[in-house]
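In what follows, a structure is listed as structure tokens, so that the remarks can point back to it.
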Amino acid sequence: MKKECVAMLLAGGQGSRLYVLTGDMAKPAVPFGGKFRIIDFPLSNCTNSGIDTVGVLTQYRPLELNSYIGNGQPWELDRMDGGVHILPPYQSATGATWYKGTANAIYQNIGFVDMYDPEYVAVLSGDHIYKMDYSDMLRRHKEANAACTISVMEVPWSEASRFGIMNVDGEDNIVEFEEKPKQPKSNLASMGIYIFTWQKLRQYLIEDEADPASANDFGKNIIPKMLQSGERMVAYRFEGYWKDVGTLDSLWDANMDMLMPGSGLNLLDKNWPIYGRTPVCPPTFVGPKADVGNSAIAKGCIINGEVKNSVLSTETSVGQGAAVTYSVVMPGAVIEDGAQVSYAIIGEKCRIGRGAVVGGAPESTGDPGQWGITVLGPGTVIKPGEKVAPKTMLDKHHNEEVEA
Amino acid sequence: MKGMHGIIFSYEKPTGLRELIEHRVHGSVPFAGDYRVVDFMLSNMVNAGITDVGVIMHGKCQSMLDHLGTGKSWDLSRKNGGLTLLPAFAYAERRESAGQFRGKMEALDCVKDYLEHIRQDYVVLSDSDLVINIPLQDVLRDHLATGADLTAVCTAQLGDSSDTYFKLDGDGRIIDTVRDIHTPEGYRCLNIFILSKTLLLHLVEDCMAHNQYSLRGGVLQRLGDQLNIRAWVWGGYAARIDTIQTYYARSMELLRPELRRQLFCPERPIFGKENDAPSSYVDPAGECINTLMADGCDIQGTVKNSILFRGVQVEPGASVEGCILFKGTVVKKGAILRNVITDKYVTIRENGTLMGHETYPLVIARGAEV
């Protein structure tokens, strides 16, 4: 059946800058905020915006993500017509290729989009934490009669050179796009969220595919090409919380933002719920000797120690005399009695032995340059009494990874 | 077809749950921070491999209907079988009972067509007001091994005198069934029974022919000599929720880790209805100790020795001790609550004080602003 707008969610990237956390799973499957995974945000935004047909483009280590999405029921995306579809690369009569770039991933699925014959296609990233009404962006796209609408937000001028910057005229028509400019002319950063008029995008994807010099990427190729060809492209200004959680620091920051009332990331807001798959576990028990403050606690935890300024995900436990501070603890991790965890991201099902010390405060290292968040990949076991220094990254085989 | 079929009885009982059953039946009373009482028996059935469950509906069933939905939360939304809601008394207008629940055998007679179409060889019958995590497959195994006609689950833990008690012979056969005895003795009936589909159909017919409506009177007592009725003794946690006092006491017990380990053992998970609440948040100024807490709570005051359901808010300076606060309860600034049970969406105004006692907790009805 014909749909007005279909969403294509780019979820195939490795997320190599999350290092040990994405050793076995794609970035959108990484747990976030206690009971969610990163992909819950764009999927919930689709549902809340009235988009009921979503293609999820997967490529890197998709098993965890596939089983998490399942039939899409948690996001009400199990539909008779439409719903959520996992789209891995597939073989065709002329051969098979991996997705070469973001644009190529959509190109390879032109057939999928055509099945719904939509007027518009939203291209979304699977690694952003934000709440956004795509229907409002679509309204802007239609009112401007644009070929492409790009969601932008104002960033501090000092940081503008880290983003793809949109230079606009007085009516927010995009006149120039600069990727990480040294001398930014505007502070409107692209959020990597696009709405295209499908027939336009379809044509540019086919042209782009025919160009052997192209990297088949939206930011590098499709957007500049459309601008160059004089297509009508407009900016949609977004105000609200948005964070690309593609790096360990930003993932940690975004989790901590949940604990700050002023950050704009309010998951308790009932008007725009974030949906996710609910784990089966009893309520959390906070023990008689526990000391919990400024922390978000998911279901199924058993807390007998101290938890301060931290995010505890589902079914984690903190033993007596243990302390967790300024840390993100992912589902199923166990912190045994007397262990100290600070400024760390603890992956799923890690076990921190009795009295072990993981991570440390910035002031604990003499040289601030040597300090950083400590990260343990899923399933890492730290022996009783072992020490893991700040900025260390370990996977479950205790292989140390170093930030590039 | 081998295997078991589940039938759960959800009906109104004239007992002391007061405000908590103003709008619901016993089985849909919230329990343990994130569940309804019926979740336990449904999960027991699902964990024992049961795929078809019929729930006999009676009385104030709206909240039960809302809760069960399609049965998806228990994996019982199936193309074949799955969850079936049985409004047994909707078609019973010609009966003299006039919609009153007079006993399980009459209720089963009302849904006889359904019983005839049961695909499985065995049927487990259970009440919906029992909090228990029991391996029903073991009960069936022993039912088959002993060659019993009917197996009744019971416990050596004595309860009220209003409960039903069994007297057993040395071999595990039930030789007497009594209730309303002054001093409880023997084995307390937990109202879980296993028997074959064939015998069940026969017993329903036989009881109706003899004006026998209850399973206790019509089968256990009347046919105790003719049938091989055996006891299966359960040694673990079992709580029947029938008065405010037992509700409060059995809830508060769950603050003990060893009881929670029994009731929420990982090999037999308890499934509840899924929800979209985010994590709970404890403020820097908030204090939360010895408390069972569901998702979506916002703790800015002090909470001790309590059970908090989803989305409870405790504002700064408020103090909650020994309380059970249902979903969406808001405790405003400076309010003090001791031994209080609040139903859903209750608001306690600023600086209000409410005191119950652990032997007689104060119950605030749904939606009240106090």
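Observations on the model:
Condition check ((1) in a strand (DSSP E or B); (2) under 19 Å from the mean Cα position of the chain (by Cα)) across all residues:
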position	(1), (2)
B:90	no, no
B:99	no, no
B:105	no, no
B:109	no, no
B:158	no, yes
B:167	yes, no
B:188	yes, yes
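- Annotation note: of A:82, A:13, A:72, A:55, the sole residue that is modelled with pLDDT under 90 and not basic (Lys, Arg) is A:13.
- Scanning the range A:373-383 finds one or more residues that are out of contact with any Leu (no Cβ under 9 Å at 6 or more places or on another chain) and surrounded by 15 or more Cβ atoms within 10 Å (Cβ to Cβ).
- Of the strands (runs of 3 or more DSSP E) contained entirely in the range B:201-292, those carrying at least 1 residues that are more than 14 Å from every other protein chain (Cβ to nearest Cβ), under 21 Å from residue A:280 (Cβ atoms) and in contact with a strand residue (DSSP E or B) (Cβ under 9 Å, 6 or more places away or on another chain) fall at B:238-240.
- Among (1) touching a Phe, Trp or Tyr at 6+ places or on another chain (Cβ under 7 Å); (2) modelled with pLDDT of 95 or more; (3) assigned to a loop (DSSP other than H, G, I, E, B) - the single one residue B:46 does not satisfy: (3)
- Residue check for residue B:256: surrounded by fewer than 17 Cβ atoms within 10 Å (Cβ to Cβ) and within 14 Å of residue B:32 (Cβ to Cβ): yes
- Filter result for residue A:318 (β-branched (Val, Ile, Thr) and modelled with pLDDT of 95 or more): yes
- Of the strands (runs of 3 or more DSSP E) lying entirely inside the range A:207-310, those containing at least 2 residues that are more than 14 Å from chain B (Cβ to nearest Cβ) and closer than 27 Å to residue A:43 by Cβ span A:233-237, A:242-244.
- Identification of strands (runs of 3 or more DSSP E) wholly contained in the range A:93-177 with 1 or more residues that are without any contact (Cβ under 8 Å) to a residue 24 or more places away in the chain and in contact with a Pro (Cβ under 9 Å, 6 or more places away or on another chain) yields A:164-168.
- Contacts under 7 angstrom Cβ, first residue in the range A:192-221 being over 24 Å from residue A:163 (Cβ atoms), partner polar (S, T, N, Q) and part of a helix (DSSP H, G or I), 6 or more apart: A:209/A:104
- Search result, residues across the range A:20-54 that are more than 14 Å from chain B (Cβ to nearest Cβ) and either of a type in the set (Val, Ile, Thr) or within 9 Å of the chain's Cα centre (by Cα) (or both): A:20, A:22, A:27, A:28, A:29, A:30, A:38, A:39, A:42, A:51, A:53, A:54
- Taken over the range A:182-192, the criterion of being buried (at least 17 other Cβ atoms within 10 Å of the Cβ) and out of contact with any Pro (no Cβ under 9 Å at 6 or more places or on another chain) is satisfied by A:184, A:186, A:188, A:189, A:190, A:191, A:192.
- Residue within the range A:361-380 that is in contact (Cβ under 8 Å) with a residue 12 or more places away in the chain and closer than 18 Å to residue A:321 by Cα present: no
- Some residue of the range A:352-360 being of a type in the set (A, V, I, L, M), crowded, with 18+ Cβ neighbours inside 10 Å, within 14 Å of another protein chain (Cβ to nearest Cβ) and part of a loop (DSSP other than H, G, I, E, B): no
- Matching residues, the range B:293-302, being more than 7 Å from chain A (Cβ to nearest Cβ) and crowded, with 23+ Cβ neighbours inside 10 Å: B:297, B:299, B:301
- Sole exception among (1) more than 14 Å from chain B (Cβ to nearest Cβ); (2) buried (at least 21 other Cβ atoms within 10 Å of the Cβ) for residue A:63, by number: (2)
- Residue, farthest from residue A:289 (Cα to Cα), within the range A:310-351, restricted to residues that are surrounded by 24 or more Cβ atoms within 10 Å (Cβ to Cβ), among the β-branched types (Val, Ile, Thr) and in contact with a Phe, Trp or Tyr (Cβ under 8 Å, 6 or more places away or on another chain): A:345
Residues checked against (1) at pLDDT below 95; (2) of a type in the set (Ser, Thr, Tyr); (3) in contact with a strand residue (DSSP E or B) (Cβ under 7 Å, 6 or more places away or on another chain):
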| residue | (1), (2), (3) |
| --- | --- |
| A:183 | yes, no, no |
| A:197 | no, yes, yes |
| A:207 | no, no, no |
| A:219 | yes, no, yes |
| A:226 | no, no, yes |
| A:238 | no, no, yes |
| A:255 | no, no, yes |
| A:264 | yes, no, no |
| A:273 | yes, no, no |
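- Any hit, the range B:338-356, residues being at the interface with chain A (Cβ under 9 Å from one of its Cβ atoms), in a loop (DSSP other than H, G, I, E, B) and crowded, with 19+ Cβ neighbours inside 10 Å: no
- Every residue from the range A:384-404 that is in contact with a helix residue (DSSP H, G or I) (Cβ under 8 Å, 6 or more places away or on another chain) and either surrounded by 20 or more Cβ atoms within 10 Å (Cβ to Cβ) or assigned to a strand (DSSP E or B) (or both): A:393, A:394, A:395, A:401
- Positions within the range A:71-85 being within 21 Å of residue A:29 (Cβ to Cβ) and surrounded by fewer than 16 Cβ atoms within 10 Å (Cβ to Cβ), in sequence order: A:71, A:78
The values are calculated or read from the model by the stated rules, or taken from the named source; none is laboratory data. The structure presented is a predicted model; accordingly, all values stated were derived computationally and were not measured. A quick note on method: Cβ atoms are made from the backbone with ideal geometry, for glycine too, and the neighbour counts reach across all protein chains shown.
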